[in-house]
Amino acid sequence: MDLTCPVLKLEKKEKVDGLTIYTQRVLEELCMANEEMCIIGIYYQNIEFEPSTLNIIQKYKKKILLVPIKSLDDIGEIVKEYCVDIFYSSLPDLRTTYIFDCKKIFSIHGMRAVEIPTDKYEYTYCHSPKQYMVYLYKRFLEKHYVNKRIEVFKHFFQSHNENVQYIINTKHTQFTLMSNIPNLNMDKFTVWTPPLNHYNFDAKLDIFQQYQVEDKKFILIVMASRWEKMLIGQLKLWIDSIASIKI
């Protein structure tokens with residue numbers, strides 16, 4: 001059995017986000033699931049591997065065949081050349097039509113662009129005139145932007161209606177899809193909760209002691225690289241809350 005599974009590659013080595021971990025877990029679980037399965041990992045040839053992904057590839061090097069591509073158009077030829085049975089993508093490009101003679105499985109991580117198209121602090125993350133123009137478009141023509149994004153989802157699902165299965169991570173995503181695209185065949189969608197990685201902090205870090213959190217049960221870690229994480233809004237709410245407390 002051959003399975004084409006995209007091995008995630010990142011432009012910056014230090015960047016490991018939720019999608020990276022998700023793809024790594026899928027890749028590792030597939031490697032352990034079936035000894036006879038051959039996994040073809042496709043990747044953009046001009047981008048370096050993130051180190052932890054490279055470690056998994058090295059660990060299962062007898063099962064994983066790496067094939068570089070220049071664009072998504074190359075995937076069809078790879079599917080034909082290696083007689084692939086299943087093509088899987090942990091983050092499909094919704095603007096692309098994957099026309100292959102094999103079963104396709106896509107992970108859909110939600111409709112964030114529809115649910116949270118923008119907020120008033122997004123401009124602080126704009127680093128070019130183009131990004132700022134997109135921000136203004138979303139701020140002043142939000143309904144038009146949202147409708148355009150819904151159409152992108154609709155076109156993708158309509159273009160991949162045969163021999164396909166979708167994995168969605170939460171019931172929330174399921175209900176969001178159903179409410180925005182009522183005619184979807186939900187039999188093709190399966191809700192699978194993402195696999196979790198367990199981390200053990202053996203060493204007591206100085207910063208934990210500094211803020212007296214070493215005895216606390218939960219620690220909230222918020223990524224600040226994207227406006228969608230709403231860190232600026234959370235910080236402002238925190239500062240305003242502290243300021244309103246009368247001592």
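Details
- Peptides 104-113, 26-35 ordered by average Cβ neighbours within 10 Å, highest first: 104-113, 26-35
- R0 of 22 Å, Cβ-Cβ distance residue 162-residue 32: FRET efficiency to nearest 0.05: 0.15
- Between residue 61 and residue 136, the simple label model (points 7 Å from Cα in the Cβ direction) yields a spacing of 5.3 nm.
- Pair residue 242, residue 103: separation of 7 Å Cα→Cβ label points (nm): 5.4
- Counting other Cβ atoms within 10 Å as a rough exposure proxy, the listed residues 135, 211, 88, 82 run 211, 82, 135, 88 from fewest neighbours to most.
- Residue 148-residue 48 pseudo-label distance in nm [points 7 Å out on the Cα-to-Cβ vector]: 3.5
The numbers here are math on the coordinates, done by the rules we state, and not lab data. Keep in mind the model is a prediction, meaning the values are calculated, not measured. Backbone-built Cβ (ideal geometry, glycine too); neighbour counts: all protein chains shown.
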